[in-house]
């Protein structure tokens, strides 16, 4: 994906979120394990398992790459979607335990979505570590064992 796509995505959203979102995107891009590829998926910057590595695709749709991480600017927060945290109980527990060491606000999280409501207090170091913890091979194995295929 061209950086221009990300620049256009960011520019199309409220200025309040732009700098923090760009820092989040750059953090993910710098720490994502080798093998994931960058694309726009579901209207947001995403990192996926490309079809040449996992040809079955997401939900056995051989034209949709398997999503791993997606980033979005919402009206009231920045959303960080990490599909691996949804399927790996140990990874989720690690993240929940590490979170208070990096940021003092309460964790605002859904099944795979971590919401950051203050662009000035985003835990980039923690996100970098989280992003680097799951390889492409591990993510494919988690996905196939999750029953969500």
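The values are calculated or read from the model by the stated rules, or taken from the named source; none is laboratory data. None of these values were measured; they are calculated from a predicted model. Note that each Cβ is placed from the backbone with ideal geometry, even for glycine, and that neighbours are counted across all protein chains shown.
Outside any strand (DSSP E or B) and exposed (fewer than 12 other Cβ atoms within 10 Å of the Cβ), is that true of residue 63? Write out each step before concluding.
Numbers: outside any strand (DSSP E or B): yes; exposed (fewer than 12 other Cβ atoms within 10 Å of the Cβ): yes.
Against the criterion (outside any strand (DSSP E or B) and exposed (fewer than 12 other Cβ atoms within 10 Å of the Cβ)), residue 63 qualifies.
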Margin query: I need the full set of residues from segment 102-127 which are in contact (Cβ under 8 Å) with a residue 24 or more places away in the chain and over 17 Å from residue 19 (Cβ atoms), in order please.
Written below: 102, 108, 111, 112, 113, 114, 115, 126
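Among residues belonging to segment 84-94 that are surrounded by 12 or more Cβ atoms within 10 Å (Cβ to Cβ) and either touching a helix residue (DSSP H, G or I) at 6+ places or on another chain (Cβ under 6 Å) or modelled with pLDDT under 95 (or both), point out the one that is nearest to residue 49 (Cα to Cα).
The first filter runs over segment 84-94 and keeps only residues surrounded by 12 or more Cβ atoms within 10 Å (Cβ to Cβ), leaving 84-88, 91-92, 94.
Remaining after also requiring either touching a helix residue (DSSP H, G or I) at 6+ places or on another chain (Cβ under 6 Å) or modelled with pLDDT under 95 (or both): 84-88, 91-92.
Values: 84: 12, 85: 16, 86: 16, 87: 16, 88: 17, 91: 19, 92: 21 Å.
By that ranking, first place goes to 84.
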Next item on the list: Please enumerate the residues belonging to segment 3-24 that are under 21 Å from residue 77 (Cβ atoms), surrounded by fewer than 18 Cβ atoms within 10 Å (Cβ to Cβ) and in contact with a strand residue (DSSP E or B) (Cβ under 6 Å, 6 or more places away or on another chain).
Entry: 13
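Any residue at all in segment 31-38 that's exposed (fewer than 13 other Cβ atoms within 10 Å of the Cβ) and farther than 15 Å from residue 136 by Cα? Talk me through it step by step, then tell me what you get.
Residues of segment 31-38 that are exposed (fewer than 13 other Cβ atoms within 10 Å of the Cβ), as a first pass: 34.
Remaining after also requiring farther than 15 Å from residue 136 by Cα: none.
No, there is no match, as no residue in segment 31-38 is exposed (fewer than 13 other Cβ atoms within 10 Å of the Cβ) and farther than 15 Å from residue 136 by Cα.
Out of curiosity, is residue 73 under 25 Å from residue 40 (Cα atoms) and touching a strand residue (DSSP E or B) at 6+ places or on another chain (Cβ under 7 Å)?
no
Which of the following residues is out of contact with any helix residue (DSSP H, G or I) (no Cβ under 8 Å at 6 or more places or on another chain) and either assigned to a helix (DSSP H, G or I) or modelled with pLDDT under 95 (or both): 4, 24? Show your work before the answer.
Values: 24 fails: out of contact with any helix residue (DSSP H, G or I) (no Cβ under 8 Å at 6 or more places or on another chain).
Checking each option against the conditions leaves just 4.
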